[in-house]
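To start, the structure itself, in structure tokens.
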Amino acid sequence: MEQSLSKLKPVIMLLNRVPPSLSLLAAIYSCCLGWKSGPPFVADKYGRFILHKSNTSGFCERKTKVPSMDLWSVPSDDVLADLPVDPIRTNYVRKVKNCIFSLVYPTPFMTNTHLVAVSGDVLDVLDLDISVVNEEGFLHFVSGGKTDPVFIPLAHRYGGHQFSVWAGQLGDGRAHLVGAYINRYGERWELQLKGSGKTPYSRNGDGRAVLRSSIREFLCSEAMHFLGIPTSRAASIVVSDDAIWRDQFYNGNFRKERGAVVLRVAKSWFRIGSLEILTHSGEYDLLRILVEFIIKEHFPSISIADPSRVLEFFSRVVHQTANLIALWMSVGFTHGVCNTDNFSLLSITIDYGPFGFMEDYDADYVPNTSDDEGRYRIGNQANVGMFNMNKLLQALNPLMDSRQKQLASHVIKGFPDLYYQRFKELFSVKFGFLGETEQDFAIIALFLSLLEDTRADFTMTFRDLSEITEEQLLHLSIPQEYWALHIVSQHKNFPKWVHLYLQRLKRNTDDTDSKRRERMSNSNPRYVLRNWMAESAVLKAERNDFSEVRLLLNTLRQPFRKQKIAEMAGYSKHAPAWARDLKVSCSS
Ligand code: AMP
Ligand code: MG
């Protein structure tokens, strides 16, 4: 079945490329191909040709991975097809109304493309054997050169509050949703290309993404996943020789760069801005349709018959967003651009841009040099999360009665408590505490104040604390190999803190020092994607040496395990001198 259906791919592709009015031609075409009982595909309500439902099962119900792209396809009748799409099929920049998506194809690169790296883990999620990366069909698919014929690519219409100001229509200006795949575990994953050309939402942009920002997104998505933080994933990154001009630091110095495409994968790409745009433009019917859709597909434990389902949905997003930001803080991750269009309704980390992992401890750390006021500094992420929840509530307002609105405002008021509770839990784990005592938060807070005063490295201080023995701590002899903790140990209050900490560890009943160290080493990473590491990989990749991108991917897949090659590369060390003043901007 799969073999014969794969032969249909080019036919359906061709049919979908022609305007809907040419459906008659399609019928003639199908007769020529000799389908006596009519073609095995039908036109859907938007004039798209899709396979008959009875024919699509072989495409997704598989038990094993596939060795070839010819045997792999996304279903044509994905649930997203039930959401309204823009009737205008011509691809030009405009204000789009009364729809959730626009149908638009990626623009292939004009030059050759090269595979920079792939995540075997994400290919596995997509049931693809790693051997497919050697196929031309794979390169075409992941670079936007040839989409799967049974799925018409979609660009999503959304808006957003950027730096607290309503920005109006934004949307997928350089991204195309190219399929939704149901894997062998029954999980549904949405595949999106980023950097794949203009859409109706491109505004003044060129629809492209450059290599440096694509490498950062590719690596960080995977790194976050392996740190245990909800995130979109990245399957692959390709680079072309197409020239893309960027003024990286907005100082008038335009530089010729190269266009790249990342294949991103997530359970859903809907954001707060997906709902905001509908409320702002008074499209309340559509707002209800989309909210009901999201609840049904992504919050199945909320009953669709529950009259308070929208309130319940809101409450879940508030909880999960507080959880997400606490998780970010637990690894020093700073998103950089926490606009409502970059905040997922599934509370996963999305849209990696000028992010940064805090190195020297600093609550005012701002990775994005374009963020002059430091709105998105690390220490303000929870506040911004709450701001964004208020914007989500405003977007949902038309769907709630006055009692529900009142309850929703109570939910928002609970955000700080939810956040602090989770923060405390996560940091208790980082310190190796078992159970809970009243002094825990004081011990955590005192230690963070020592870090702040000494500006010690956040990641490595916790890692050193995970590796050092209680005996060494007791004698206040911190060897130089624990370089970050060594810096903290110079603080005059370090002995006081050690005393409190060791007393607290004694209250971990049934514990041993080796168990504590093992537990802490499994929750305090040794490797995070420091900006200098990403930059080093980018500089090499710009010279067509992709080895460090791949090395970093390999390293960051196992962030809690000490790795010889990563140690040799200095990934658990301070930034080297050349990288001390590195900057990242919004330019991408
Ligand atoms: P971002 O800062 O990447 O989250 O993007 C914010 C908005 O700008 C989104 O609507 C993007 O699709 C759009 N955008 C960013 N860069 C480009 C580009 N080069 N071409 C078209 N749209 C873009
Ligand atoms: Mg974005």
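Whole Å is fine, so just give me how far the alpha carbon centre of the stretch 141-218 lies from that of the stretch 407-456.
So the two Cα centres are separated by 36 Å.
What does the charge dipole of the stretch 61-170 about its Cα centre add up to, to the nearest 20 debye, if the Cβ of each Lys and Arg holds +1 and the Cβ of each Asp and Glu holds -1? Write down the numbers at each step before the final one.
On the way: 9 positive and 13 negative charges, 144 e Å.
The calculation lands at about 700 debye.
If the chain between Ala305 and Glu187 were fully stretched, how many nm would it gain, using 0.36 nm times the residue separation less the Cα-Cα distance?
Full extension of this stretch gives 40.0 nm more.
Starting from one equal scatterer on each C-alpha and no solvent at all, send me the Debye-based log10 I(q)/I(0) for the stretch 251-372 at q = 0.18, 0.20 Å⁻¹, two decimals.
For the stretch 251-372, the Cα-only Debye profile gives -1.07, -1.20.
Among Tyr158, Phe218, Trp189, which residue has its Cα positioned farthest towards the positive end of the charge dipole of the stretch 60-266, with +1 placed on the Cβ of Lys and Arg, -1 on the Cβ of Asp and Glu, and the dipole taken about the Cα centre?
Going by the Cα projections, it comes out as Tyr158.
Give me the net charge of His410's neighbourhood, meaning all other residues with Cβ under 14 Å from the Cβ of His410; Lys, Arg count +1, Asp, Glu -1.
It works out to a net charge of +1.
What residues of the stretch 198-240 lie in the reach of a label at Asn112, counting those whose backbone N is under 14 Å from a point 7 Å from the Cα along Cα→Cβ?
Only 239-240 fall inside the zone, counting backbone N under 14 Å.
Over the Cα atoms of the stretch 372-463, what is the Rg over Rh ratio if Rh follows Kirkwood? Mind dumping the intermediate values first?
On the way: Rg = 17.5 Å, Rh = 15.9 Å.
Over the Cα atoms of the stretch 372-463, Rg/Rh equals 1.10.
If packing is taken as the average count of other Cβ atoms within 10 Å, what order do 219-230, 252-263 fall into, highest mean first?
Per-residue mean Cβ counts within 10 Å order the peptides as 219-230, 252-263.
Contour minus end-to-end for Asp124 and Val79, with contour as 0.36 nm per residue of separation and end-to-end as the Cα-Cα distance?
So the chain would gain 13.9 nm between Asp124 and Val79.
Please give the length that would be gained between Gln439 and Lys540 if that part of the chain were fully extended, namely 0.36 nm times their separation in residues minus their C-alpha to C-alpha distance (nm, one decimal). Write out the running numbers ahead of the final one.
Values: separation 101, 0.36 × 101 = 36.36 nm, distance 4.82 nm.
Contour length minus Cα-Cα distance gives 31.5 nm.
Count the net charge of all other residues whose Cβ sits under 12 Å from the Cβ of Ser202, scoring Lys and Arg as +1 and Asp and Glu as -1.
On the way: positive: Arg94, Arg174, Lys198, Arg203, Arg208; negative: Asp172, Asp206.
Taking every Cβ under 12 Å from that of Ser202, the sum is +3.
Enter the Cα centre distance for the pair the stretch 298-313 and the stretch 233-260, rounded to the nearest angstrom.
The two parts, judged by their Cα centres, are 42 Å apart.
If each of Asn383 and Lys515 carries a label point 7 Å out from its Cα toward its Cβ, how far apart are those two points in nm?
Output for this residue pair reads 4.2 nm.
Looking at Val366, Leu582, Leu286, which one has the Cα that reaches farthest to the positive end of the dipole of the chain (charges on Cβ: Lys, Arg +1; Asp, Glu -1)?
Leu286
Ile289 label point, 7 Å along Cα→Cβ, cut-off 16 Å on backbone N: hits in the stretch 96-125?
96-103
Net charge around Pro398, counting only other residues with Cβ within less than 13 Å of its Cβ (Lys, Arg = +1; Asp, Glu = -1)?
-2
Quick check for me: using +1 on Lys/Arg Cβ and -1 on Asp/Glu Cβ, what's the dipole size of the stretch 531-579 about its Cα centre, in debye to the nearest 20?
Using only the charged Cβ atoms, the result is roughly 280 debye.
When only Cα pairs under 8 Å and 6 or more residues apart are kept, what is the percent relative contact order across the chain? Could the numbers behind the result be given before it?
Numbers: 1085 pairs, mean separation 72.0, N = 588.
Relative contact order here is 12 percent.
Once R0 is set to 41 Å, what does the formula 1/(1 + (r/R0)^6) return for the Cβ-Cβ distance between Ser68 and Thr90, expressed as a FRET efficiency to the nearest 0.05?
On the way: r = 35 Å, r/R0 = 0.85.
Here the calculated transfer efficiency is 0.75.
Mind running the shape call on the stretch 531-579? Use the C-alpha gyration tensor, a ≥ b ≥ c as the square roots of the eigenvalues: rounded below 1.5 for a/c, prolate if a/b tops b/c, oblate otherwise.
Numbers: a/c = 2.26, a/b = 1.28, b/c = 1.77.
Oblate.
Mean Kyte-Doolittle of at least -0.5 and a Cα length of 27 Å or more along the axis: which whole DSSP H helices of the chain meet both?
Answer set is 309-330.
Rounded, prolate or oblate: which one fits the chain, using the alpha carbon gyration tensor with axes a ≥ b ≥ c (rounded when a/c is under 1.5, else prolate when a/b beats b/c, else oblate)?
prolate
Under a Cβ-only charge scheme (Lys and Arg +1, Asp and Glu -1), can you give me the dipole magnitude of the chain about the Cα centre, in debye to the nearest 20?
Dipole size: approximately 820 debye.
Where a number appears in this text, it was derived from the coordinates with a stated rule and is not lab data. What you see is a predicted model; the values in this text were computed from it and never measured. With ideal geometry, Cβ positions are generated from the backbone for all residues, glycine too; neighbour counts draw on all protein chains shown.
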